[in-house]
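Accompanying notes for the structure given below.
The numbers here are math on the coordinates, done by the rules we state, and not lab data. Since we're looking at a predicted model, the values are computed, not measured. Here Cβ is always computed from backbone atoms with ideal geometry, including for glycine, and neighbour counts include all displayed protein chains.
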Amino acid sequence: MQLLIIGASKGIGRETVRLALQAGHGVRAFARSTPGIEPPDPRYEPRRGDALDAGAVADALVGMDAVIQTLGVPVRELLRPVHLFSDATRILVQAMQAKGPRRLISVTGFGAGSSRASIPCVQRLPFELLLGRAYRDKSVQEGLIEQSGLDWTIARPGVLTDGPRRGRYRVLSGPAQWRNGWIARADVADFLVRQLEDRSCLRQAPVLVD
């Protein structure tokens, strides 16, 4: 597939670039800064741009078969209202509805959307104090995706680590199973790339933990 990865410069996005290339996909890496890769790969196309720039996003979609969205905000941004996730997703969804492609795989997190009710009582206050602003916006983001009519999958990872990819993570598909836990960014990336060909999580929002 020809794959657009939005938020490709670091974290889950960067790991997704690496794994997508290993799987044989072509990758257009869209971010404000797009570092090179080693070794160089002719299937890798860095594309500098802002996820809030509707024109740049529309241009980046041309020729793509699927989109993986891996947005993040710096820790310092968590202390004030957060709108990046919903604003960027609104722009992306409108561009995909107008021009395609249909397949959208997006990362939010455990505590967004309907998974918020599964946060244990003892964790709710610190979660709200530290992450509440971002996750309220991620909940709006999820709503935009779910109402888009696109072929979407939302990944809700637990607490992220920089550990190695192990491939033994759990995909918790329903509220009765949802819980928090640790998971490596590389394992989240593994799930995202697998969803390009595995449609078992189509129009679902599973929680991912080790």
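Pulled fully out, how much extra length does the chain show between Q123 and R179, if you take 0.36 nm times their separation in residues and subtract their Cα-Cα distance?
Using 0.36 nm per residue and subtracting the Cα-Cα distance, I get 19.0 nm.
Considering all projection directions equally, how large on average is the shadow of the alpha-carbon convex hull of segment 1-45, in square nanometres?
So the Cα hull casts an average projection of 2.7 nm².
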Below 8 Å between Cα atoms, with a sequence gap of 6+, how large is the relative contact order for segment 2-209 in percent? 21 percent
Which loop trypsin sites (Lys or Arg not before Pro) in segment 108-210, with loop taken from DSSP, have no more than 10 other Cβ atoms within 10 angstrom of their Cβ? R168
Zone reached by a paramagnetic label modelled 7 Å from L130 Cα along Cα→Cβ, restricted to segment 155-185 with backbone N below 17 Å, covers 157-163, 179-185
Using alpha carbons only, how many degrees (0 to 90, rounded to 10) separate the axis of helix 11-22 from the longest principal axis of the chain? 50 degrees
Once both axes come from the Cα atoms, what is the angle between helix 185-194 and the longest principal axis of the chain, in degrees from 0 to 90, rounded to 10? 60 degrees
Quick one: plug the Kirkwood hydrodynamic radius of segment 105-205 (C-alpha pairs) into Stokes-Einstein at 10 °C, 1.306 mPa s, and report D in µm²/s. 112 µm²/s
Using only the alpha carbons, work out the radius of gyration and Dmax of segment 1-84 in angstrom. 13.0, 41
I'd like the Karplus ³J(HN,Hα) series for segment 49-54: coefficients 6.51, -1.76, 1.60, θ = phi - 60°, whole numbers in Hz, and an x wherever there's a Gly or Pro. x, 10, 5, 9, 9, 4
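Counting Lys and Arg as +1 and Asp and Glu as -1, what is the net charge of the other residues whose Cβ lies under 11 Å from the Cβ of F110?
The answer is +4.
Would you work out the charge dipole size for segment 2-209 about its Cα centre, treating the Cβ of every Lys and Arg as +1 and the Cβ of every Asp and Glu as -1, and quote it to the nearest 20 debye?
On the way: 29 positive and 20 negative charges, 88 e Å.
In debye, rounded to 20, segment 2-209 gives about 420.
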Within segment 128-161, what residues put their amide N at less than 18 Å from the label point 7 Å along the Cα-to-Cβ vector of L79? 128-135
Most fluctuating residue given options I37, I91, I68, as computed from a GNM of the chain linking Cα atoms under 10 Å: I37
For the residue pair L202 and K99, what label-to-label distance in nm results when each label sits 7 Å from Cα along the Cα-to-beta-carbon direction? 2.5 nm
Using the Cα atoms as the points, what is the convex hull volume per residue of the chain in Å³? 112 Å³
